[in-house]
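A short write-up of the structure that comes next.
The values are calculated or read from the model by the stated rules, or taken from the named source; none is laboratory data. What you see is a predicted model, and the numbers here were worked out from it, not measured in a lab. Because the Cβ atoms are built from the backbone with ideal geometry, glycine has one as well, and the counts that use them run over all protein chains shown.
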Amino acid sequence: MTLPTQLTCPPPPVADTRITFPRPHVLLVTLDRPKSLNAIPSSQHLALANVWNWYDSQPYLRCAVLTGSGRAFCAGADLKEWDTRNSNAGDSSSKQAEGGTATSWTPEGFGGLSNRLGKKPIVAAVNGLCYGGGMEMAINCDLVIADGQKAKFGLPEVTKGVVALAGALPRLIRTVGRQRAGEMALLGRIGYSPQQMKEWGLVNFTTAEGQDVVEEALKLAEEVAGNSPDAVLVSREGLRLGWEGGVGPVLATEIVERGIYGRIDKGENMREGTRSFVEKRKPKWVDSKL
């Protein structure tokens, strides 16, 4: 792994995961357990949370992409590990949740991502099967692009006697509505197409035949990274407050305006943005200090 010289420290280690920097200001995280359909064992949630926290701490990095190797994005929890734990522990169904027990999560959730608040945007490049915890991660990403031929979605937890308890259920109902969320969570069907998920609002873009979903995701990440890093962070905070902050639009806007926005108002990137517009040139942003 070649590290950009602008990083203040290397990323934390995480098993079965490739961390690369394929574009300026862009982080690519690839889940790499293809024989297990990139299922995530319980020990890996904290390690991945550390990666996302590290990403937030690096001023040079402005957007991240998450994808999987092989034919899956992520099939969810490692159920073989779970079966072993259940056999050893006896009946603990009252505490079970996707990927472990209700007390096993890091605050950031499945893959360190399904409940992540975070600071910077993450793009999900759904290259194949996206089930259970994998879908819980995708639902909480800022943008989702899916392979138009290979991606498949679903929340099959109820068919396995468990629950999608890593943050997906309340987010799903806000995104697709009660009836559609009920269909997915209560029937537990798998195989939802990326086109249907796009119609329902869970997917932003789908790739055409011959397009590589990771390359297309990197283009989106580059587009995000090409905008003012300060404005992206503040805009994301405004969106987050409106989606899950429990406040109305007026109060959410006021919180942003009186809080994080005040740290960039008339700042270097804002001055550069307006000046480059007047001078009819491409802006030259500096890394955010937020």
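Regarding Asp230, is this residue in contact (Cβ under 8 Å) with a residue 40 or more places away in the chain and charged (D, E, K, R)? When the stated conditions are applied, Asp230 passes them.
Among the residues of the range 204-222, those identified as assigned to a loop (DSSP other than H, G, I, E, B) and either of a type in the set (Lys, Arg) or over 14 Å from the mean Cα position of the chain (by Cα) (or both) are Thr207, Ala208, Glu209, Gly210, Gln211, Asp212. Starting from residues that are touching a strand residue (DSSP E or B) at 6+ places or on another chain (Cβ under 8 Å) and outside any loop (DSSP other than H, G, I, E, B), keep the ones in the range 30-43 and report whichever is farthest from Pro121 (Cα to Cα). In this case the residue turns out to be Pro34.
As a summary of the residue check, Glu272 satisfies the conditions (1) more than 30 Å from Ser193 (Cβ to Cβ); (2) assigned to a loop (DSSP other than H, G, I, E, B); (3) not aromatic (Phe, Trp, Tyr) except for the one numbered (2).
Which members of the range 121-146 meet the condition of being crowded, with 23+ Cβ neighbours inside 10 Å and not hydrophobic (A, V, I, L, M, F, W, C)? Matches in the range 121-146: Asn127, Gly128, Tyr131, Gly132, Gly133, Gly134, Glu136, Asn140.
Being crowded, with 24+ Cβ neighbours inside 10 Å and either modelled with pLDDT under 95 or under 14 Å from Ala217 (Cβ atoms) (or both) is the filter here; which residues of the range 148-171 pass it? Ala151, Glu157, Ala164, Ala166, Ala168, listed by residue number.
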